[in-house]
Each structure stands twice: as structure tokens, then as C-alpha cells.
Amino acid sequence: MSYLADLGYTVAPFKVGPDFIDPGHHAKIAGKTSFNLDSWMLSKAYNTRIFNENAKGADIAVVEGVMGLFDGYDGLSESGSTAQMAKWLDLPVVLIVSAKGKARSAAAIVKGFETFDKDLKIAGVIFSKTGSLRHYEYLKKAVEQSCTTKCLGFMPRNESIVMPERHLGLVTSDELNISKKVLFTLTSMVRDHIDIKGLIHSLNSFDAIDSADSLGKIEPQKDVHGLEQGPTIAIARDKAFCFYYQDNIDILKKFGAKIIEFSPLNDDNLPPDIDGIYFGGGYPEVYARELSQKTELLKEIKNKSIAGMPIYAECGGFMFLCNTLCAMDPIQKYPMSGCFNFNVQMSKRLRSLGYREITLKKDTIIGKQGYVLRGHEFHYSSIEAQKPEAQNPETQNLAYQKPATQKIANQKNDIPDVYNVTSRAGQDLTLKGYQVNNTLGSYLHVHFGSNPKCAKHFVDTCKSFKDKNVIQNA
């Protein structure tokens, strides 16, 4: 992407699959928001619309795949795979094949890929981790002898360009600044070893056709004086909370929400005059100490929850709304906001990973009973309920106490589970969604594009809270 930009092209980046981290790096390099495309969470029509809308005005679109080309739903279907998305969007594929430890065998791999699905268009192959120019020549001759796929070049093995990782994947773009030296090394490798210009010249021109907006035309919400009066939703965004599908935010805006951002790491208070909060996922466990020291902010969040403000939280955001968070050290417990009577414990092993479909068992802040949503689960932590008498005093004191006559569900450890969850194969799962007052939290990252009615319901719930406060303050 950087090399294409150096050539003067405007690049529209995309990522196949549910990953949050790669799109962040795309956006930083391309200077344009990268959008997720996903053939399991989202329909063909939705993916086509997102691609067309965001490729429009660009000179070239680059779509990074997910896993292997044909890996997706299971071992028998193409559902959820990069190959399926390429066919849905009628885009050619560039194979990236590791050359490590290979010579003529590489041709067998390429041959298998080019014959596996005759409906797929393969534009060429690039070999990674080659040992030398001579090594690449072996690979190229083998492919040319047995395959029809064109060899586009290679990327030499170079440990200096390996990107740092942690338990959820690559270090995020919010934390990692790719140095000019590394970027220059990368672009030089592309320039010197890959025939990008030849690839571009082989591509057919593409017209980003306007697609019908599946959300329809949405009129802004207005008051009796004709002034726009949609709710204001605060979104937590910083190094600790950075996992968001851009679509989710755009859909909330389309349904009339005004979006403002705040940083739980850097801000001491919530933004004023807000009507709802959205906490995405991220790495609260990495910044647990810093977050626990934001006592005024934690108290405000707890008070807003008790007051009935709609608060929606996913994965890392859900962890932030629990009582305490233990990072990798089980001894050190950091107090969080205490909206949910759970303690969170990080683990060194993966706890859960995969696509999920939820059906709402009850009316919630993101939809009515029976609404169906799709999303993805990926985390290394687990939760356990904390007995009321054993609650952390620090956490309890973060918020004012309601009168004894008022029942607070999570203070009695009676936390309603509002999700019925199945895997992509239809198996029932133990993943739950919890709603206390108007605070909803879960380990699941949902995509509102799978059911835009849920985004509308969240905006409407925030609007109702706003209107109720206006009446009370009148």
C-alpha cells in the first residue's frame, strides 16, 4: 500500500474477516479508513455495497485476505473464505506463498491453488521468505514449467521487518509507529523484487457502482422547533479501547446519533451532555493499572449505569465494566468501574475463538426479544461472579449507594443473561450477554451490519434516555 501511494495512487484498503488490528495499520499507511468484509457475518449485498462505497474515488483497491485462500466456515464449504469474497466482488487474487524450505514443491502448491477452484481468477504469485535471488529463480522455473500462474516476484527473508505481536495478534497501530527506516526497507523490497507495475497493468479497470443503501434514507431526528435532536453517544477510543468496526459507528450515525470520542486512559471525566456510551474491545488488561487510577471516571460510569443510561460494551469494554481485573498476575487485582458484579482473570491460553450468532432472549438496549445478530469472539480472559459480601470495597465506593429500598440486580449477583448464542455451525455455546439496568456487556464483538435494526434500537434507546432527562430537567 505504501509503495502504491509512493507511485501516486490513491489506495482503498479492505480486510477480509473479523480482524480489527490489520485495518488499523492499513488506515495509517493508506491514509484512508480500511473496512472489514466478511461473508459469514454479512450478506453478499452488504459486502458489495461496502466495497463499492469505499473503493469509489480511489485509483486501486487492495483487499487483504484471511488465513489460507480457501479457509472459512469448515473443511467442506467456501463460506467465510477469502476465495468466496474474491468471487463475490469479482476480484483477482494474488497468492502469497512461503518459500521457506521449498524449491520445486512450491510449484505443486501453486498448481493446487490454481486448479482447486476454476471460478477463481489468480493474477499471480509472490513468494515470501526467499533465501536469495537464486532461490527465487528455482521457484520461478518450477512454476513456469508446471503452472499457468504468473510469478510476480518475491520478498526476501528479513528479520528486521517482522512486526511485534502479543496475545491478540499484532501490536496495534495506536501503539506501533512503523519507523521510516522499516517502511523504506519494505517499499524498497517491493520496488526491487516485485513487478507491481506489471500486476497493475494486467488488471481490468473497475467501476465502483453505486449500490442501494440497505439502511434506506434516514431523516435526522428533530425537535418541535425543527432542530436536529439525535442522541449523543460517547465512544471510548484510545490504546486500551481500539477494536471497532467502522461500519458500526457509521450505522449509528446514519440512524441519527452524534458520535463523540473520549479516552478512558487520558480523560478524568466522561464528556458532558451524553445520552449513551459504547465501549469497544482492546487491551484494558495491558493498561489495567492506569485505568484503575481514573477513580472519578470510574465513579461517573458506575453512576451513569445506575441512572439507566444506555451503555453497551464488548469484550475489553465489558471487562472494564466489571468489578476487578487481574492481568497475568493473579495476585494483583485492579478495581474497574463495577457495573457488573464479576471479577476478570487473564489467562496465558486462549479461552474462546470463533464466529457467533446471538438471538436476544429478552428486550435489550440493542434490540427486542428475537432479534438476531452475528459477531465474533476472541479472548484470553474469563469471568467469575463475586459474592456481594466479598466485593472489593474500593469498587463499591466508586459510586453513590442507592437507597436500600431500590434493588440493583448486580448487587445481588442476579445478572440477567439476555443472549442465546450458537457457533457458526449451530452449536449452543456458553457465551452470555448480561444486562443490568441499561448496561449491556458481553465478550462478543457484534457487527451491526448483520442486523442494522439493532443499531437503530440502540440509538432509539439513547434518544429515549435523552428525552426523559429533558422532561425531568424542565
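Using R₀ = 35 Å, calculate the FRET efficiency as 1/(1 + (r/R₀)^6) where r is the Cβ-Cβ separation of THR422 and ALA103; round to 0.05.
0.15
What does the charge add up to near LYS197, with Lys and Arg as +1, Asp and Glu as -1, over the other residues with Cβ less than 14 Å from its Cβ?
-2
Rounded to the nearest 0.05, what FRET efficiency do GLU296 and GLN332 give with R0 = 25 Å and r taken as the Cβ-Cβ distance? Could you check?
Given R0 = 25 Å and the Cβ-Cβ separation, E is 0.70.
What nm value, rounded to one decimal, do you get for the distance between TRP88 and SER464 when each label is placed 7 Å out toward the C-beta?
For TRP88 paired with SER464, the spin-label model returns 3.2 nm.
Got a sec? Charge dipole of segment 1-125, +1 on Cβ for Lys and Arg, -1 for Asp and Glu; which of ALA107, HIS25, ALA83 is way out at the positive end?
ALA107
Pairs LYS299/LYS468; LYS87/LYS348; LYS44/LYS304; LYS180/LYS239: which exceed 28 Å Cα-Cα?
LYS87/LYS348; LYS44/LYS304
If each residue of separation counts as 0.36 nm, what is the full-extension length gain between ASP238 and GLU159 once their alpha-carbon separation is subtracted? Don't skip to the answer; put the middle values down first.
Details: separation 79, 0.36 × 79 = 28.44 nm, distance 2.93 nm.
Value of the extension gain: 25.5 nm.
SER173's amide H: which non-local residues (gap 5+, or another chain) put their own amide H closer than 5 Å, with H modeled 1.01 Å from N in plane and none for Pro or chain starts?
For SER173, whose amide H was placed from the backbone, the distant partners under 5 Å are HIS25.
What spacing in nm lies between the two simple spin-label points modelled at ASP119 and ASP267, each 7 Å away from Cα in the Cβ direction?
The answer from the label model is 4.7 nm.
Restricting to bridges with both residues inside segment 2-202, how much of the DSSP beta-bridge set is antiparallel, in percent to the nearest 5?
Antiparallel bridges: around 15 percent, rounded to the nearest 5.
Between TYR73 and LYS453, what's the calculated FRET efficiency when r is the beta-carbon distance and R0 is 25 Å? Round to 0.05.
The computed FRET efficiency comes out at 0.50.
For GLY282, what residues show an amide H to amide H distance below 5 Å, using hydrogens built from the backbone and excluding near sequence neighbours?
CYS242, PHE243, GLY316, GLY317
Coordinate-derived values only; no laboratory data. What you see is a predicted model; the values in this text were computed from it and never measured. With ideal geometry, Cβ positions are generated from the backbone for all residues, glycine too; neighbour counts draw on all protein chains shown.
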